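Undergrad: Supplied in structure tokens, the structure appears directly below.
Since every read-out is calculated from the coordinates, none of them should be taken as a lab result. Just so we're clear, the structure is a prediction, and the values are computed from it rather than from any experiment. Please note: Cβ atoms are built from the backbone with ideal geometry, for glycine as well, and neighbour counts cover all protein chains shown.
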Amino acid sequence: MRYTKLQSVVLVILRITIGWHFLYEGGVKILNPHWTAKSYLLDSGGFMKGFFEFIAGSQTLLAISDTANAWGLAFIGLSLIVGLFTRFSSLAAMFLLLLYYLSHPAFPGIQYLFPSDGSYFLINKTLIELFALLVLYAFPTSNMFGLHRLMKNNNSFLA
């Protein structure tokens, strides 16, 4: 697929900035030995509230969730930044963001303990980032700028 230079630059910038967001969020969680998603999960709302509270109520499931969340965010972010396995990472990121949205949907009448950055009605920043990742999935850029391109050009296993 051919893009104009402007389209290519904008898509790569979008990929790297979302990657930075994921890498930073994962890194903060990894580096804080006391971090846990328990209070976030217990604050869930909407029709999946029970599911997220169930995870928070189980030490085993919570530990698995915390580890998968922190390291998943970091690996997804790194992948998007360096441009390797970006389509898979975009799908994984969309899955995580969907879980975040379902745990704290922007539905009318739901009150959360954690403050948000504004007032939302159905669409919030989490959902917007999910759809931005869908754009990156549909218009991949790692073959233009990233490790994928370098490896492909060197007749690697990605070629």
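Undergrad: Mean 1/r over all different Cα pairs, inverted: what Kirkwood radius does the chain give, in Å?
TA: The answer is 16.9 Å.
Undergrad: Starting with the fewest neighbours, write out THR141, THR67, THR126, THR36 ranked by other beta-carbon atoms found within 10 Å of each beta-carbon. Spell out each step's value before the answer.
TA: Numbers: THR141 25, THR67 12, THR126 19, THR36 16.
Going from sparsest to densest Cβ surroundings: THR67, THR36, THR126, THR141.
Undergrad: Please work out the FRET efficiency for the pair PHE131 and THR60, using the Cβ-Cβ distance as r and a Förster radius of 25 Å; give the result to the nearest 0.05.
TA: Values: r = 33 Å, r/R0 = 1.33.
FRET efficiency, PHE131 to THR60: 0.15.
Undergrad: Still on this model: Can you give the direction-averaged projected area of the convex hull of the alpha-carbon atoms in the stretch 15-97, in nm²?
TA: Approximately 5.6 nm², given one-decimal rounding.
Undergrad: Right, here's the next one. What does the charge dipole of the chain about its Cα centre add up to, to the nearest 20 debye, if the Cβ of each Lys and Arg holds +1 and the Cβ of each Asp and Glu holds -1?
TA: Using Cβ point charges on Lys, Arg, Asp and Glu, the chain gives about 640 debye.
Undergrad: Continuing with the same structure: Test of understanding: in a Gaussian network model of the chain with alpha carbons linked when under 10 Å, which of TYR101, TYR112, TYR40 would top the mean-square fluctuation ranking?
TA: Looking only at TYR101, TYR112, TYR40, the biggest GNM fluctuation is shown by TYR112.
Undergrad: Still on this structure: Counting only the backbone N, which residues of the stretch 14-32 are under 17 Å from the spot 7 Å out from the Cα of PHE114 toward its beta-carbon?
TA: Label zone hits: 21-32.
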